[in-house]
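Below is one structure, written out as structure tokens; comments come after it.
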Amino acid sequence: MSSTAIGFLAAAGVVAIWSGFIVISRAGLVGTVAPLDLALLRFIVAAAVSLPFLLMTGWQGMGLRQAGLGRALVLALTAGLGFVLLAFHGFERAPANHGAVMLPGVLPLWIALLTWVALGERPTGLRALGLVSIAAGVVLLVGDSIGGTLRQAVGDGMFLGASFSWAIFTLLARRWQVPPMHAATVVSVGSLLLFLPIYAVFGTGEVWRLPWGVILGQGFYQGVLATIASVFLFTKAVAALGAQRTAMVTAVVPTTATLAAIPVVGDVPTGLAVVGLGLVTAGMITAVLPQR
């Protein structure tokens with residue numbers, strides 16, 4: 001099988017996991033789980049699963065060249081703490097369809113802007129048109145929130161921050177040529193080490209009083225699938241397809257997650273949100289089309 005085919009299969013796995021992550025996270029956070037408690041479950045399970053690999057390789061074997069610990073810290077802060085904490089607090093405040101658009105949907109826009117600033121690669125042609133469409137869809141969703149409640153608007157801002165954090169991770173993981181399993185291990189273990197002091201100060205301490213079904217279900221999905229499998233597959237896809245094309249493959253996530261959230265958590269999008277979803281999806285598809 002060619003590397004391109006493997007890249008697209010990995011990207012398809014990311015689409016499935018991300019769609020489920022959006023719905024499952026929203027379901028937990030509108031129920032009985034606090035954002036920091038859900039983050040603790042995610043980081044503990046992910047670190048426990050990936051720790052054996054770390055013990056076998058050691059920090060210096062994590063494929064990070066020189067200054068390995070420094071780069072590991074950056075990866076854990078972006079794909080770990082930055083993405084997770086902002087996304088979870090966003091799901092506590094805003095509906096799943098907003099998260100579905102702003103987490104994966106805005107990712108191509110952030111990557112294009114960062115690439116433009118860092119490398120001077122200005123988007124042109126259809127790609128530029130697609131990014132404008134994404135931006136217009138985001139504006140409509142923010143307008144939808146502003147017309148609703150301040151709490152929901154704050155949630156939208158947190159979604160945008162989480163997507164920006166993942167965009168930084170995407171570009172750095174490719175630039176530093178971090179192998180997929182190494183990236184997943186660094187993010188998992190590093191995130192837990194960084195998060196424990198935060199939880200000790202700000203956490204509820206109620207996480208182990210949650211129903212065991214919630215602990216096991218959320219722990220497995222967040223810790224194994226959404227952290228290790230997601231980071232592994234995403235890094236694999238980026239290595240094979242490139243950062244921008246991988247981001248564009250996620251064009252179906254906003255729609256699939258929005259539709260799944262309607263029966264699961266009852267988040268029915270407003271008319272303005274549907275238009276915003278359409279603009280973002282069309283923008284993602286347009287931006288990935290051949291430039292000639």
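Out of Val265, Val275, Val249, I need the residue that is closer than 25 Å to Asp37 by Cα, surrounded by fewer than 23 Cβ atoms within 10 Å (Cβ to Cβ) and of a type in the set (A, V, I, L, M, F, W, C). Which one?
Only one candidate qualifies: Val265.
Give the residue, chosen from Val207, Val178, that is farther than 24 Å from Gly31 by Cα, among the hydrophobic types (A, V, I, L, M, F, W, C), at pLDDT below 90 and out of contact with any strand residue (DSSP E or B) (no Cβ under 6 Å at 6 or more places or on another chain).
Just a single option satisfies the conditions, and that option is Val178.
Of the residues Leu233, Leu160, Leu171, which single one is part of a helix (DSSP H, G or I), touching a helix residue (DSSP H, G or I) at 6+ places or on another chain (Cβ under 9 Å), free of Cβ contacts under 8 Å to residues at least 60 places away in the same chain and crowded, with 19+ Cβ neighbours inside 10 Å?
Details: Leu233 fails: free of Cβ contacts under 8 Å to residues at least 60 places away in the same chain; Leu171 fails: free of Cβ contacts under 8 Å to residues at least 60 places away in the same chain.
Sole residue among the options that is part of a helix (DSSP H, G or I), touching a helix residue (DSSP H, G or I) at 6+ places or on another chain (Cβ under 9 Å), free of Cβ contacts under 8 Å to residues at least 60 places away in the same chain and crowded, with 19+ Cβ neighbours inside 10 Å: Leu160.
With (1) surrounded by fewer than 20 Cβ atoms within 10 Å (Cβ to Cβ); (2) within 21 Å of the chain's Cα centre (by Cα) as the list, and Ala118 as the residue in question, which single condition is left unmet?
Ala118 satisfies every listed condition except (2).
For the range 197-219, enumerate the residues that are in contact with a helix residue (DSSP H, G or I) (Cβ under 8 Å, 6 or more places away or on another chain), of a type in the set (A, V, I, L, M) and part of a helix (DSSP H, G or I).
Once the filter is applied, which keeps residues that are in contact with a helix residue (DSSP H, G or I) (Cβ under 8 Å, 6 or more places away or on another chain), of a type in the set (A, V, I, L, M) and part of a helix (DSSP H, G or I), the range 197-219 yields Ile198, Val207, Val214, Ile215.
Filter the range 66-116 for residues that are in contact (Cβ under 8 Å) with a residue 40 or more places away in the chain and at positive phi and give the result.
Hits for the range 66-116: nothing passes.
I'm checking my understanding of the structure. Among residues of the range 1-36 that are without any contact (Cβ under 8 Å) to a residue 40 or more places away in the chain and part of a helix (DSSP H, G or I), which one is surrounded by the fewest Cβ atoms within 10 Å (Cβ to Cβ)?
Initial filter on the range 1-36 (without any contact (Cβ under 8 Å) to a residue 40 or more places away in the chain): 1-2, 5, 9, 16.
Filter again for part of a helix (DSSP H, G or I), leaving 5, 9, 16.
Working: Ala5: 10, Leu9: 15, Ala16: 16.
Going through the qualifying residues, I end up with Ala5.
So, of the residues in the range 241-270 that are at pLDDT 85 or above and among the small types (Gly, Ala, Ser), which turns out to be farthest from the chain's Cα centre (by Cα)?
Of everything passing the filter in the range 241-270, Gly266 is farthest from the chain's Cα centre (by Cα).
Here's the yes/no breakdown for (1) touching a strand residue (DSSP E or B) at 6+ places or on another chain (Cβ under 8 Å); (2) at pLDDT below 90; (3) within 22 Å of Phe43 (Cα to Cα):
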| site | (1), (2), (3) |
| --- | --- |
| Arg71 | no, yes, yes |
| Thr78 | no, no, yes |
| His89 | no, no, yes |
| Leu109 | no, yes, no |
| Trp116 | no, yes, no |
| Glu121 | no, yes, no |
| Ala128 | no, yes, no |
| Gly161 | no, no, yes |
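The values are calculated or read from the model by the stated rules, or taken from the named source; none is laboratory data. Quick caveat: nothing in here was measured; it's all calculated off a predicted structure. Virtual Cβ from ideal backbone geometry, glycine too; neighbours counted across all protein chains shown.
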